[in-house]
1. Which is farthest toward the positive dipole end of the chain among Phe193, Ser100, Leu21, measuring Cα position about the Cα centre, with Cβ charges +1 (Lys, Arg) and -1 (Asp, Glu)?
2. Return the tail of the calculated pair distribution for the range 67-203, meaning the percent of Cα-Cα pairs more than 27 Å apart.
3. Given contacts defined as C-alpha pairs under 8 Å and at least six residues apart, what's the relative contact order of the chain, whole-number percent?
4. Using the basic label-point model (7 angstrom from Cα toward the beta carbon), what is the Tyr146 to Phe25 distance in nanometres?
5. Please compute, for the alpha-carbon atoms of the chain, the extent along each of the three principal axes and give them in descending order in Å.
6. HN-Hα J couplings of the range 123-136 from phi, Karplus 6.51/-1.76/1.60, θ = phi - 60°, integer Hz, Gly and Pro as x?
7. Can you list residues whose amide H is under 5 Å from Ala240's amide H, if they're 5+ apart or on another chain and H is modeled 1.01 Å from N?
8. Per residue, how much accessible surface does the chain expose to a 1.4 Å probe? Answer in Å², no decimals.
Amino acid sequence: MTSSASAAVDKSAPLLAASNLTRRFGGLVAVSDLSMEVWPGEIAGLIGPNGAGKSTTFNMLSGFLKPSSGRLMLFGKDCTGKSPLAISRMGLVRTFQHGSLIPSMTVRDNILLGTFHSLSGPKHRERNLRAEETAEIFGLSDYLDYMSGALPHGLQRLVGIALAFAARPRLLCLDEPLTGLNQTEVASTLEVFQTIRRSFDCSILLVEHNMKAVMTVCDRIIVMHHGQYLASGTPREIQANDDVVAAYLGKRHAKQ
Ligand SMILES: Nc1ncnc2c1ncn2[C@@H]1O[C@H](COP(=O)(O)OP(=O)(O)O)[C@@H](O)[C@H]1O
Ligand SMILES: [Mg+2]
């Protein structure tokens with residue numbers, strides 16, 4: 001496996017800095033005045049109850065929804081209102097909560113799709129090498145010529161993430177990637193997250209309800225509730241935060 005780790009990253013500046021992001025749908029305020037950051041090299045968690053506004057936040061961070069107000073800085077540039085394509089080309093790529101692959105295409109072709117963001121022109125050989133390297137990282141090498149929609153659920157989730165990572169983003173935003181995975185699949189997927197962070201300088205923003213996984217893999221966690229920022233901190237701090245325990249975690253995940 002070769003590393004495509006990019007040039008030195010400025011660890012003193014956030015990759016992503018959202019300030020006072022707000023999104024209204026008619027009378028409903030789905031996200032209200034949210035400010036948050038993601039720093040180079042970190043795996044950050046974004047958690048909160050269903051309906052808290054996590055996916056709406058992802059939609060704004062990735063350009064799929066324009067904020068009603070607020071500002072989005074990515075990689076030091078103002079990206080408020082930019083298109084998903086422009087944002088993905090800058091280095092932020094996201095997956096979708098309800099699946100991110102094209103079932104009627106092979107695993108290879110799904111992963112190849114992701115390479116079009118970052119490899120311009122017809123360079124077939126380079127694209128194929130990238131797809132094969134990506135498949136290897138995700139343990140998908142044996143499935144490259146399988147129809148994606150025919151694979152077991154766990155492998156389909158991995159193909160969706162592999163497609164996104166094939167663009168070699170600097171920041172990968174994953175919306176509930178572990179849904180429906182068994183314990184072994186969760187463990188191996190978390191290993192992949194560590195590998196891409198370590199070997200490819202890819203930071204991760206993770207929306208996930210599997211609290212054991214979040215507490216294991218995240219360096220820092222941001223908590224949303226009713227569309228608003230509730231807290232942020234290390235997993236230990238979050239588990240000890242009474243507001244977070246009351247709003248979301250419940251006693252089971254609280255630090256005694
Ligand atoms: N396109 C939309 N139109 C109207 N309401 C929406 C839309 N998308 C999300 N919402 C509402 O915004 C709130 C936040 O939803 P969402 O961001 O999906 O939460 P989460 O991902 O944390 O479960 C919910 O009340 C949801 O019903
Ligand atoms: Mg959601």
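1. Leu21
2. When all Cα pairs of the range 67-203 are counted, 19 percent exceed 27 Å.
3. Relative contact order here is 25 percent.
4. Reported label-point gap for Tyr146 and Phe25 is 3.4 nm.
5. Projected onto the principal axes, the Cα atoms of the chain cover 52, 39, 38 Å.
6. 3, 4, 5, 5, 4, 5, 4, 4, 5, 5, 4, 5, 4, 5
7. Answer set, sorted by chain and number: Lys255.
8. 46 Å²
The values are calculated or read from the model by the stated rules, or taken from the named source; none is laboratory data. Bear in mind that the values here come from a model prediction, so they are computed numbers and not experimental data. FYI the Cβ positions are ideal-geometry reconstructions off the backbone, even for glycines, and counts take in every protein chain you see. Just so you know, the surface numbers come from the protein's heavy atoms only, side chains and all, with ligands and any DNA or RNA stripped out. Shrake-Rupley method; radii C 1.70, N 1.55, O 1.52, S 1.80 Å.
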